[in-house]
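Q: Before we start, here is the structure in question, set down as structure tokens.
What follows is calculated from the coordinates using simple rules that are stated; it is not laboratory data. Everything numeric here is computed off the predicted structure, so don't read it as measured data. Neighbour counts run over all protein chains shown; Cβ positions are idealised from the backbone, glycine included.
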Amino acid sequence: MANLIHFGSLVHRHLDWRPPLEWIGHDPFLVLEEDNRLVAALACPPDPPSVVWIRLFVSYDEENLVESWTHLWSQALEMISPDPELQVAAIPLTNWFQRLLQASQFQTTTDVVMLIWDNGKIPPEQPSPEISIRPMTIDDLSQVEVLDKTAFSSLWHNSQTSLEYAFKQAAFATIADIDGVIVGYQISTSMQMGSHLARLATHPQYQRQGIGYAILRDLQVQFKQRGAMRITVNTQEDNLASIALYENAGFTSTGETYPVYQYHPK
């Protein structure tokens with residue numbers, strides 16, 4: 001399986017905390033064999049239980065691409081279709097995978113846009129409630145998962161397992177609390193090319209009070225103190241409040257967009 005992913009000429013990987021091989025044993029994770037060798041694979045296990053993302057599709061060559069996808073996707077559909085509440089989605093990063101989705105009754109529902117902070121300027125402090133911003137601990141994750149569910153629509157929920165993967169890979173993970181109650185959090189990673197804010201959320205009851213801005217500004221200070229002068233972040237183009245928050249903190253659009261497709265059978 002690892003060789004197929006590494007040497008396959010056509011590979012789609014979901015923007016995921018979990019490496020593709022970690023999904024083995026979680027259905028649907030399907031493979032296609034030819035002459036005793038793997039030629040294609042598709043992984044789309046529900047996580048959280050109500051959401052199916054196409055987490056991996058790989059084809060060894062282009063010649064059998066459509067046939068491999070059609071065969072594996074039809075099998076996956078049989079496994080997940082008994083649950084009408086499931087949302088099925090994918091974020092294609094390549095034109096060839098986008099064409100496969102379009103031919104399989106997936107429709108664009110929004111775009112993911114990328115913003116960047118790279119001027120090194122720390123935005124001014126703004127009024128906010130009396131919050132305490134501290135490092136996240138593993139014991140916080142159960143509360144963080146509850147907050148995550150309230151802050152985002154169901155398609156974008158993170159399971160506690162996903163949050164655990166994110167926490168273990170984080171360069172910085174912080175929470176904001178008021179009297180011991182977690183009201184916001186962020187998880188960020190650091191790479192050679194810069195840093196990435198992977199998740200930022202504020203509890204709906206405390207939104208529009210400057211808490212998200214305070215968490216974001218604290219992150220900018222922390223990264224700058226460590227010499228990181230570049231932070232990227234993704235959000236949905238129709239999440240105007242999120243975009244306004246980042247722009248208020250000095251982020252600008254990179255112009256990069258990625259379509260979000262959802263399965264809508266006729």
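Q: Once amide H atoms are placed 1.01 Å from N in the peptide plane, what residues at a sequence separation of 5 or more from Val88, or on another chain, have their amide H within under 5 Å of its amide H?
A: Sorted by chain and number, the residues that satisfy this are Val52, Tyr263.
Q: If each of Thr150 and Ala103 carries a label point 7 Å out from its Cα toward its Cβ, how far apart are those two points in nm?
A: So the label points at Thr150 and Ala103 sit 4.6 nm apart.
Q: In deg cm²/dmol, rounded to 500, what helix-only [θ] at 222 nm does the chain give when every DSSP H run of at least 4 residues adds -39500 (n - 2.57) and the total is split over its residues?
A: Mean residue ellipticity at 222 nm (helix-derived): -8500 deg cm²/dmol.
Q: Pairs of alpha-carbon atoms within less than 8 angstrom and 6+ residues apart define the contacts here; what relative contact order does the stretch 2-104 have, in percent?
A: 29 percent.
Q: Please report, in debye to the nearest 20, how large the charge dipole of the stretch 154-261 is about its Cα centre when each Lys and Arg carries +1 at its beta carbon and each Asp and Glu carries -1 there.
A: Details: 7 positive and 8 negative charges, 67 e Å.
Dipole magnitude for the stretch 154-261 comes out near 320 debye.
Q: Right, another one. I'd like the Karplus ³J(HN,Hα) series for the stretch 44-58: coefficients 6.51, -1.76, 1.60, θ = phi - 60°, whole numbers in Hz, and an x wherever there's a Gly or Pro.
A: My calculation for the stretch 44-58 gives 8, x, x, 5, x, x, 9, 10, 10, 9, 6, 8, 7, 9, 9 Hz in order.
Q: Take the alpha carbon gyration tensor of the stretch 1-116, find the square roots of its eigenvalues, order them as a ≥ b ≥ c, and report rounded if a/c is under 1.5; if not, report prolate when a/b exceeds b/c, else oblate.
A: Because its axes are fairly even, with a/c under 1.5, the stretch 1-116 counts as rounded.
Q: May I pose another question? Quick one: which residues, 5 or more positions from Arg199 or on another chain, have an amide H under 5 Å from its amide H? H modelled 1.01 Å from N in the peptide plane, none for Pro or chain starts.
A: Hits under the 5 Å cutoff: Ile187.
Q: Further question: Just need the Rg to Rh number for the stretch 128-170, please, alpha carbons only, Kirkwood Rh. Present the calculation step by step, with values, prior to reporting the outcome.
A: Working: Rg = 11.5 Å, Rh = 11.4 Å.
Rounded to two decimals, Rg/Rh equals 1.01.
Q: Go through Ala43, Ile211, Pro19 and say which Cα lies farthest out towards the positive end of the charge dipole of the chain; charges sit on Cβ, +1 for Lys and Arg, -1 for Asp and Glu.
A: Ile211
Q: For Ala171, which sequence-distant residues (separation of 5 or more, or a different chain) have an amide H within less than 5 Å of its own amide H, given hydrogens modelled in the peptide plane?
A: Ser188, Thr189, Ser190
Q: In debye, nearest 20, what is the charge dipole magnitude of the stretch 2-104 about its Cα centre with +1 on Lys and Arg Cβ and -1 on Asp and Glu Cβ, if you could check?
A: Working: 5 positive and 14 negative charges, 69 e Å.
About 340 debye.
Q: Can you run phi through the Karplus equation (6.51, -1.76, 1.60; θ = phi - 60°) for the stretch 4-21 and list ³J(HN,Hα) in whole Hz, with x for Gly and Pro?
A: Values per residue, Gly and Pro as x: 4, 5, 6, 9, x, 7, 10, 10, 10, 10, 5, 6, 10, 6, 9, x, x, 5 Hz.
Q: At a threshold of 8 angstrom on Cα-Cα distance, excluding pairs fewer than six apart, so keeping six or more, what relative contact order does the stretch 148-266 reach in percent?
A: 18 percent
Q: Quick one: compute the contact order of the chain, relative version, from alpha carbon pairs under 8 angstrom and 6+ residues apart, as a percent.
A: 23 percent
Q: Checking the a/c ratio against 1.5 first, then a/b against b/c, what shape does the Cα gyration tensor give for the stretch 114-258?
A: rounded
Q: Which whole-Hz couplings ³J(HN,Hα) result when phi for each residue of the stretch 215-224 is put into the Karplus expression 6.51 cos²θ - 1.76 cosθ + 1.60, θ = phi - 60°, listed in order with x for Gly and Pro?
A: For the stretch 215-224, the Karplus curve yields 5, 5, 4, 4, 5, 4, 4, 4, 5, 5 Hz.
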